[in-house]
1. Taking 7 Å along the Cα-to-C-beta vector as the label spot, tell me the residue 404-residue 392 distance in nanometres, rounded to one decimal.
2. Using the Karplus equation 6.51 cos²θ - 1.76 cosθ + 1.60 (θ = phi - 60°), what ³J(HN,Hα) coupling, rounded to whole Hz, does each residue of region 77-85 give in order, writing x for Gly and Pro?
3. Residue-wise, which Karplus ³J(HN,Hα) couplings in Hz belong to region 185-190, taking 6.51 cos²θ - 1.76 cosθ + 1.60, θ = phi - 60°, and x for glycine or proline?
4. Cα centroids of region 81-114 and region 121-138: how far apart, whole angstrom?
5. For residue 139 and residue 187, what is the calculated FRET efficiency with R₀ set at 25 Å and r taken between the beta-carbons, to the nearest 0.05?
6. Going toward the positive end of the dipole of region 148-201, with +1 on Lys and Arg Cβ and -1 on Asp and Glu Cβ, which of 150, 186, 199 do you reach last?
7. If you rank 174, 110 by fewest surrounding Cβ atoms within 10 Å, what's the result?
8. How far apart, in nanometres, would the label points at residue 179 and residue 372 be if each is projected 7 angstrom from Cα along the Cα-to-Cβ direction?
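Throughout, read-outs are computed from the coordinates displayed, never taken from laboratory work. Because the structure is predicted, anything quoted here is derived from the model rather than measured. Cβ sites come from the backbone with ideal geometry, for glycine too, and all protein chains shown count toward neighbours.
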Amino acid sequence: MPKAPPTPPLPLNGLFPIAKPRGPPSMQVIEAINPLLLESRLFQDTEKAELHTRNVANSKYTKRKRNTTHEGLKIGQGGTLDPLADGVLVIGVNRGTKHLQRFLDCTKEYESIGILGATTTTMDAEGEILSTGVSDGITREHVESVLDKFRGKIMQTPPIFSALKMDGKPLYEYAREGKPLPRAIPVRECDVSIDLVDFKPAEVVAGDGGHTYAWPEKHLSPKEKETFRKLDQMVADAAGDSAAESKLDFDTVVPEISATTGLRPATFTVRMTVSRGTYVRSIVHDIGLALGCGAHVVKLTRTRQGEFVLHGDDELLAAHQAAAQVKVEVDDEEAAMNAAAAKVEVDDEEAAMNAGPSKPKHAPLAHPDGPTTPCIPWEVFERALQERTATIEAESQEREELAMSGVSPDEVNKRLGKKAILQRRREGELKEWEVMLLQRFVPVALPVVRDSKSRAAGLY
């Protein structure tokens, strides 16, 4: 086990990042680790625990503060990730919760995999298929060619298919009731830096290196499709563009397996750094529309949020270099072939010179300079939770054995009551997850309370 760094003043107050897995929503992840934090010496606050015990007996104080657990530990997150998404989830504990707002405002980096050929109600693999299109013949170069539309400062309309509310009502409910939108959906300016990092055909033979993603199996009923047709038109009407035609083809039905090639659609992977309020799924959706076939997200990973990153700097650099290596090798091979050619046509050379760089020059959206902190892998917490379950079972077994041996209930409670159990769990060496948390913990400054205790300590 790696050595823990010096422990900051306890109980801990600050921030740490965890690698949220795909599946559970963010709040479920926080609820899962709550028991570990409450039972750890790192977050043990004797004064708060005693105050909590006194307040429980007084109904006047039983109401909990926002983001506070039943035992007084305050915990929050710096930007939620829904079940489909994984990656960096910034956790704030105690006074650290006061610093979470800056992670909502900061730039974030994502890697997203989109599959061609189908749009969905939620713009990802969790929704029903809205429309389909022919993606045969779409290449890496085609995807590259449309990315310029999504670089730099862009204007983005929040998707009508989201749960965004207008006058307290989700947008999709307006269509269900047959009512027009009260006003246009506010358009927001977003700053986006985006690059294509992979383009992968579907797997033909198991293990051939192709992707294994498939379209959703859920389809809309004719009535539901009509609802979304109305929604799509409402966006245009509310924006004052009633003559605009929908970019979604609700009527054409294209099978997932191409009738021409017998293959499933390809996927593309984009890495993007975005400013606050950017709908990442919308960008992948719009790339599909720009290609004329549609697309939706099948995997979404937040790889960075502020100074917190999914992997350590060395791992991140190695991953980026590995992704670029294939292209470098291809470029080198082509260069060697061209150098061996007897003659280069003048027209071709001039065309290449006139073409200039393959990408327009743009200032990419940058992260702040400074050191970065990698996430605690979720597997570390999974092991800790399994160990906790085993400990609880062992304690239960020990309690039964003491009772069967004739030990009095008072003595059993003295040995294995709540206080004794907590004390036992907090003894000994720090656990794996505690060591890793300390390595990645960012403490925050605490305000000086001007009382006799802080005066005696010479704090003011």
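1. 2.2 nm
2. Each residue's phi maps through the Karplus curve to give 10, x, x, 6, 10, 7, x, 5, 8 Hz.
3. 5, x, 8, 10, 8, 10
4. The two parts, judged by their Cα centres, are 27 Å apart.
5. Working: r = 32 Å, r/R0 = 1.27.
The calculated FRET efficiency here is 0.20.
6. About the Cα centre, the residue reaching furthest to the positive side is 186.
7. With the fewest neighbours first, 174, 110 line up as 174, 110.
8. Those two pseudo-labels are separated by 4.6 nm.
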